[in-house]
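Working notes for the structure below.
Any read-out appearing in this document is the output of simple, stated calculations on the displayed coordinates, not a laboratory observation. Note that this is a predicted model, so its numbers are computed, not measured. Every residue, glycine among them, receives a Cβ derived from its backbone with ideal geometry; neighbour counts consider all protein chains shown.
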Amino acid sequence: MERTLDRINWPQDLKKLSIAEMYDLAAEIRQVLVESVAACGGHLAANLGVVELTIALHYVFDAPRDKIIWDVGHQSYTHKILTGRKDRMSGLRQFGGISGFPKYEESPYDAFNTGHSSTSISAALGLALARDIQKQNHAVVAVTGDGAMTGGMTYEALNHGGQQGCDLIVILNDNEMSISRNVGAMSSYLNRLRTDPNYNRTKEEVESALARIPGIGPNIARAAGRLKDTVKYLMVPGMLFEELGFHYIGPVNGHQLEVLIQVLTNARRMKGPILIHTITEKGRGYEPARQNPDVFHGVGPFNPDTGVQFPKSLKTYTEVFGEYMCEAASKDERIVAITAAMTSGTGLSKFARSYPQRFFDVGICEEHAVTLAAGMARAGLKPVVSIYSTFLQRAFDQIIHDVALQNLPVVFAVDRAGLVGEDGPTHHGVFDLSYLRPIPNLTIMAPSNENELADMMHTALATDSPVAVRYPRGAGEGVAVTRKRTVLPIGQPQVLAAGSDLALIAVGRAVSLAREAAALLTDRGLSVELVNARFIKPLNDGFIHNIATCFTRIVTLEDNAVLAGFGSALLEQLSQQAFHGDVLCIGIPDEFVEQGRVEILLELLNMEAESIVERIVGRWPELAGRITLELRKLGQS
């Protein structure tokens, strides 16, 4: 039997459907979403919640002529299905497949590339202003979420958009969740709009009521601005948005297609900035995701029949961090934890339950999180700010101005550092060493295994200045975390194996790659000094002097951008030692890396062990001769 979805190849095909058929289509799309994400992993709960809203958007608007911008874009899977990519969903987030986020290079229906929160209204306003300057005539729609409403950039854009007064439609998709449950005054405000019947009125109803009061009449009602404003403040929903210059419509049931289509059709005809407040249910149509929307926000492959994720063999670095934080907090009441809408993602859920008075989820406000920590540190607490590497980029100024300049003991737990895999270029944490390293007073560490992460956190909390500990996404090396914690000597590396032909110095997750490459080189008869740098900043002067004296061939290996990364730091230090040898820096090249499993991406970048060996031998051809000689000796013996 043919599905309704089989008849939909492009958005224009939706206009041929009845409302009943569109509801059938919504159910079929949800089935595709569950099957696709179960196989590939991805963002499920948010996508399940916006199926009807996406259908209504493409039914009313004429994309790609009309521009639809998705905030973050982790809820754009239905949009992809409806815009010619339904047959590619099996390759979602895979190498060579379609992205998990909007990507203009992938389809003209993706009007703007997104991946981070709270950017859509700014981008949409830019597109709308460009449209007006060029005297074009099309609609611009930004679909944002209530989670994004915790981010300051949203209000900067709303403030400017209301001031400009141009035609712009903002859809606030309100599902009460971002990744972790929403926090803050805006969440409470939106909750009142959802639940208080006194708020569930329109501005027109209030004005109409005033006009019907005997002795006032329509003319006097229009003149009674102050009275009307007073009544509006008490009764009209969305007054915050009205005061910012947006015409507020809602709340609207985001799963009722008839209502959505009518509201969107009316909004398209209206002039000026409009905000439509829709209420949706995260995880709708799939009970495991509906019951646990935070778990199914971003999920790995799972059994679609049960919703159970496939088991992991090893603890993740994130889990080790979370366990350490609970252990440390039990011994020191000054330790507090701060995150930006990532309680579960950063491994702090248990900490939040155990120490609710010392845990702070500030919403999607990385800048605020850092300066909040600075204030706490100034008052004598030991704040730990846990933020993904790619999101910490947003707080660069606050790290410099509010933390480092005052030399405050704030600890940055930089999760998801390095290549993160299927989330792709918007989420690869490959720039943190480059943007953190120039900051004075800041110590930077990267663990090579789980136990070292715990020791580094212990060291960071014992340091009276700012420290960043960066660690990768996913499972560790399988190293047991011991009970006894060690304070590491600041700047001191760890020599894992002595050698004489070359020094191979690696940081963080790259240490395991270096170990594999060193083993291959040793098997070929070369003597390799293998070093776990542990510290990116500062670098121990004695160690630098030693390698400058003992080696003419040095290789650095990191899962950060080569530009301004660890290799650059070593080169800068060596330049002060009158080093006359040669250094090969291996890391992420000067380009954005696509999505795919980390193992595939390492091969693509020539950063897996075999390619590292080839690059070393290619750099120093005399080593190839040495290897050939050693192989001959082995053959003769």
Rounded to the nearest 500, what is the chain's calculated 222 nm mean residue ellipticity when only DSSP H runs of at least 4 contribute -39500 (n - 2.57) each, over all residues?
-11500 deg cm²/dmol
Rank by packing, highest mean first: peptides 619-626, 512-519, 90-97, with packing defined as the count of other Cβ atoms within 10 Å averaged across residues.
512-519, 90-97, 619-626
Hey, which of these cross-link pairs are over 20 Å Cα-Cα: Lys350/Lys382; Lys86/Lys312; Lys315/Lys537; Lys282/Lys315; Lys80/Lys103; Lys15/Lys282?
Lys86/Lys312; Lys315/Lys537; Lys282/Lys315; Lys15/Lys282
Cβ density ranking, 10 Å radius, fewest first, applied to Asp361, Asp13 yields Asp13, Asp361
Principal-axis tilt of helix 317-329 within the chain, Cα atoms, nearest 10 degrees:
90
Restricting to Cα pairs below 8 Å that are 6+ residues apart, what does the relative contact order work out to for the chain? Please round to a whole percent.
11
Peptides 308-321, 29-42 ordered by average Cβ neighbours within 10 Å, highest first
29-42, 308-321
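Determine, for Thr443, Thr339, the number of other Cβ atoms within 10 Å of each Cβ, and report the residues in order from fewest to most.
Lowest count first: Thr443, Thr339.
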Tell me, in nm to one decimal, what length is gained between Glu516 and Gln406 on full extension, where the rule is 0.36 nm per residue of separation less the Cα-Cα distance?
35.4 nm
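How long is the gain from Glu572 to Lys135 if the chain were fully straight, where each residue apart is worth 0.36 nm and the alpha carbon distance is subtracted? Working shown, then result.
On the way: separation 437, 0.36 × 437 = 157.32 nm, distance 5.25 nm.
Here the segment from Glu572 to Lys135 would lengthen by 152.1 nm.
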In the set (i) 34.9; (ii) 44.8; (iii) 40.9, which value of mean projected area of the Cα convex hull in nm² was calculated from the structure you see?
(i)
Let me make sure I get this right: for the stretch 317-470, a, b and c are the square roots of the gyration tensor eigenvalues over alpha carbons, sorted descending. Under 1.5 in a/c it's rounded, otherwise prolate if a/b > b/c, else oblate. Which is it?
rounded
Could you order peptides 149-157, 372-380, 292-300 by the average number of other Cβ atoms within 10 Å of their residues, highest first?
149-157, 292-300, 372-380
